[in-house]
Each structure stands twice: as structure tokens, then as C-alpha cells.
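Accompanying notes for the structure given below.
The values are calculated or read from the model by the stated rules, or taken from the named source; none is laboratory data. What you see is a predicted model; the values in this text were computed from it and never measured. With ideal geometry, Cβ positions are generated from the backbone for all residues, glycine too; neighbour counts draw on all protein chains shown.
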Amino acid sequence: MDSIFSASFQKNLLFLPFFLTLKFVRLSIGIPEGSSLVRSVKDLSRRNSVSDIKARKGGPPIVCLTAYSKPMAQWLDPYMDLLLVGDSLAMVIYGMETTRGVTLDTMINHGAAVIRGSQRACVVVDLPHGTYEDSPCQAYTSARRVLDETGVQAVKLEGGVEFSDTVHHLTDKGIPVLGHIGLLPQKAENRGGFKIQGRDDDGWQQVMKDGLAIADAGAFAIVIEGTVEALALEITETVDVPTIGIGASPGCDGQILVTDDALGLFSDFTPSFVKRYADLGEEVAKAAEAYAEDVRAGNFPGLEHCFGVSKDKK
Ligand code: KIV
């Protein structure tokens with residue numbers, strides 16, 4: 001006798017436990033049905049939220065770069081899950097010696113520019129040195145301005161255990177925070193320079209505690225910068241929010257680089273953890289040389305670049 005179940009129904013029955021498990025996982029981490037954990041590159045239909053980033057814990061790597069301007073955001077956005085308006089712009093764009101010289105107003109201007117140039121990436125702005133360390137209230141006032149005046153999704157601040165109350169205060173008041181532990185460029189001067197963290201036992205324990213404290217305080221993800229690899233991996237395996245590594249570990253939940261380092265636009269120095277993906281600085285110099293030669297030789301502008309010239313003359 002023919003089975004009352006068709007072959008395809010029987011096949012579906014086989015997969016039922018899998019679909020139920022998937023549904024349970026989605027519901028428990030708050031992913032709406034029909035949405036995928038990873039949006040395809042170039043899906044510009046909506047911007048990633050901080051919840052999208054948080055839901056990527058243990059999933060496919062979260063891809064991040066820094067951006068400081070509208071045109072750079074436009075080029076990068078289709079490929080990025082997150083764009084960081086980092087205070088590294090103090091050194092990279094403004095030629096300062098450290099990241100500490102940049103103001104909140106400057107960060108806000110760059111944050112607004114990056115929002116204008118992006119549609120897909122979750123955009124985060126760094127709270128600069130001197131705008132959040134005094135008290136959780138100071139941090140709130142600064143963070144509120146950043147979110148209200150730029151439209152970005154979150155702020156980032158540097159620090160571990162000693163800033164967990166601040167992160168708690170911000171997240172309690174609805175300000176999403178990206179943590180930043182390990183090597184802290186804003187504090188490098190006080191810690192004897194840009195040093196890899198976690199090489200000795202005390203250092204290791206401290207960075208571990210920092211990670212736990214910032215995750216507990218409600219950060220939606222944590223940047224781990226400049227630590228020994230195994231420490232970054234251990235933090236990633238311990239905390240329940242995504243980690244984003246820079247000079248950290250391939251085992252982090254995501255990776256970030258300073259775009260100008262990766263594209264060869266910033267050449268003052270290149271940290272050893274940077275991989276160069278292009279030499280745009282060289283290309284800029286070549287273009288400048290060609291333009292200078294053209295102008296000096298009278299080859300630019302041609303009549304085709306001028307107004308009011310009759311067509312037969314062009
Ligand atoms: O300011 C910045 O660009 C950063 C990244 C290096 C993570 O904080």
C-alpha cells in the first residue's frame with residue numbers, strides 16, 4: 001500500500017528536529033525569522049544595528065574598518081559590517097603625535113560625514129580622551145551628543161574594570177557601547193608607550209578581568225587591541241559578546257584595521273599586525289606627478305576642459 005505520506009513530506013519530517021532547533025536558537029538570541037545571520041555583501045537595504053553585531057557571537061567573522069570621511073565610507077560600506085570613526089584620525093588625518101588631541105566636536109563632524117556616506121554598516125564613534133573619564137555623567141553627556149548630532153549607532157570608549165560603571169551607566173540609559181581593552185592608545189603615554197598587553201601573568205589577568213567587566217557592564221561587543229594571541233582567544237571564548245581583534249587573534253569574532261594603514265595611505269609607521277591591501281599613497285603620488293607635468297608642459301587644461309569654446313576647436 002502506498003504510504004499516506006509523500007516522499008517529500010517524509011523528507012521534511014526528517015529535517016523537522018533541525019528546523020525546530022534553528023527556530024529555538026533564533027528566538028533565544030532575538031533574530032527575527034526570515035533574516036539571515038550574515039547579510040550578503042552589497043545588501044544595502046538597511047543598516048546593521050548593534051543587535052545584528054551582537055548576534056554574530058561565534059558566527060561568521062564581523063568585518064570592520066575605520067572611516068573618517070563621506071567618500072571613504074561610500075567606498076567601504078558595501079563590504080563592511082561595522083565602520084569605526086576612530087580617534088586614530090587625530091594621527092592619521094590631523095598629523096597629531098597621539099590620539100589624545102582630538103575634540104568631541106571633531107569626532108561629531110567626522111561621524112556625521114560617515115553616516116552620510118554609508119547605508120549598510122553599523123557606525124560607531126570613539127569618545128575622545130577627556131570626554132568620558134571624569135564621571136559616568138560626563139560620559140553620558142558626551143555620548144548623547146554623539147548619537148543625537150550624528151545618527152551613529154553607538155560609541156566606543158577605552159578601558160576595562162575602572163570604566164565598567166561608566167559602561168553600565170551608558171547602557172542603562174540606552175546608549176550602546178563598544179568596549180576597547182588591551183592596548184589603549186589614549187592611555188599609552190601613562191603605560192610606557194604602545195606595548196603589547198598580557199605578556200606576564202599579572203598583565204594577562206588584568207586584561208581578562210577588563211574583558212569580563214566590560215561584557216558584564218553591557219557592552220554589545222569589545223575591541224581587543226595589541227594582546228598576546230592566546231589571551232585574546234581566551235577572552236573570546238569566555239565573554240558572551242563578540243570580540244573584534246586588532247593585533248589580537250584570528251579566533252576573535254571579528255577583525256578591524258585602520259583603513260589608511262591597510263590601504264597604504266598612512267606611511268609614518270605601520271604596526272606589524274597590519275596587512276597592506278593596496279598602495280594608494282603611491283598611486284596618489286603618481287597622479288600628482290602626472291598632473292604637475294601636464295600643467296608645466298601646458299598640456300592641461302585642454303580646450304575640452306574649458307567653457308565657451310566652439311566644438312570644432314575642441
Ligand atoms: O581609533 C581607532 O582607530 C581604534 C581602532 C584602532 C580600533 O580604536
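Scanning for something more than 20 Å from Asp261 (Cβ to Cβ), in a loop (DSSP other than H, G, I, E, B), in contact with a Leu (Cβ under 8 Å, 6 or more places away or on another chain) and touching a residue at least 60 places away in the same chain (Cβ under 8 Å), does the range 64-77 turn up at least one residue? No, every residue in the range 64-77 fails to be more than 20 Å from Asp261 (Cβ to Cβ), in a loop (DSSP other than H, G, I, E, B), in contact with a Leu (Cβ under 8 Å, 6 or more places away or on another chain) and touching a residue at least 60 places away in the same chain (Cβ under 8 Å). The lone criterion from (1) within 15 Å of the ligand (Cβ to nearest atom); (2) modelled with pLDDT of 95 or more; (3) surrounded by 12 or more Cβ atoms within 10 Å (Cβ to Cβ) left unmet by Lys275 is number (3).
Please tell me if Glu162 is surrounded by fewer than 19 Cβ atoms within 10 Å (Cβ to Cβ) and not β-branched (Val, Ile, Thr). If you could, list the steps in order and put the result at the bottom.
Working: surrounded by fewer than 19 Cβ atoms within 10 Å (Cβ to Cβ): yes; not β-branched (Val, Ile, Thr): yes.
In short, yes.
The combined condition, being within 26 Å of Asp268 (Cβ to Cβ), part of a loop (DSSP other than H, G, I, E, B) and out of contact with any Lys or Arg (no Cβ under 6 Å at 6 or more places or on another chain), is not fulfilled by Tyr132.
Being at pLDDT 95 or above, touching a strand residue (DSSP E or B) at 6+ places or on another chain (Cβ under 9 Å), within 16 Å of the ligand (Cβ to nearest atom) and of a type in the set (Val, Ile, Thr), is that true of even one residue in the range 115-122? No, every residue in the range 115-122 fails to be at pLDDT 95 or above, touching a strand residue (DSSP E or B) at 6+ places or on another chain (Cβ under 9 Å), within 16 Å of the ligand (Cβ to nearest atom) and of a type in the set (Val, Ile, Thr). Only one of the numbered conditions (1) part of a helix (DSSP H, G or I); (2) more than 16 Å from the ligand (Cβ to nearest atom) is violated by Val309, and that is (1).
Table: residues versus (1) more than 15 Å from the chain's Cα centre (by Cα); (2) away from the ligand (no atom under 14 Å from the Cβ); (3) in a loop (DSSP other than H, G, I, E, B); (4) modelled with pLDDT under 95.
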position: Gln10; (1), (2), (3), (4): yes, yes, no, yes
position: Phe19; (1), (2), (3), (4): yes, yes, no, yes
position: Lys23; (1), (2), (3), (4): yes, yes, no, yes
position: Ser28; (1), (2), (3), (4): yes, yes, no, yes
position: Val41; (1), (2), (3), (4): yes, yes, yes, yes
position: Arg56; (1), (2), (3), (4): no, yes, yes, no
position: Met91; (1), (2), (3), (4): yes, no, no, no
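Restricted to the range 216-248, and to residues there that are within 13 Å of the ligand (Cβ to nearest atom) and assigned to a loop (DSSP other than H, G, I, E, B), the residue that is farthest from Ser164 (Cα to Cα) is Gly247.
Counting only residues that are closer than 17 Å to Gln119 by Cα and either in contact (Cβ under 8 Å) with a residue 60 or more places away in the chain or not in a loop (DSSP other than H, G, I, E, B) (or both), which one in the range 78-89 is nearest to the ligand (Cβ to nearest atom)?
To start, the set of residues in the range 78-89 that are closer than 17 Å to Gln119 by Cα comprises 78-85.
Subset that is either in contact (Cβ under 8 Å) with a residue 60 or more places away in the chain or not in a loop (DSSP other than H, G, I, E, B) (or both): 78-79, 81-85.
On the way: Pro78: 21, Tyr79: 18, Asp81: 14, Leu82: 11, Leu83: 11, Leu84: 6, Val85: 8 Å.
Step by step, filter the range 78-89, then rank; the result is Leu84.
Annotation: of all residues in the range 159-210 being touching a residue at least 60 places away in the same chain (Cβ under 8 Å) and in a helix (DSSP H, G or I), the one that is farthest from Ile222 (Cα to Cα) is Glu189.
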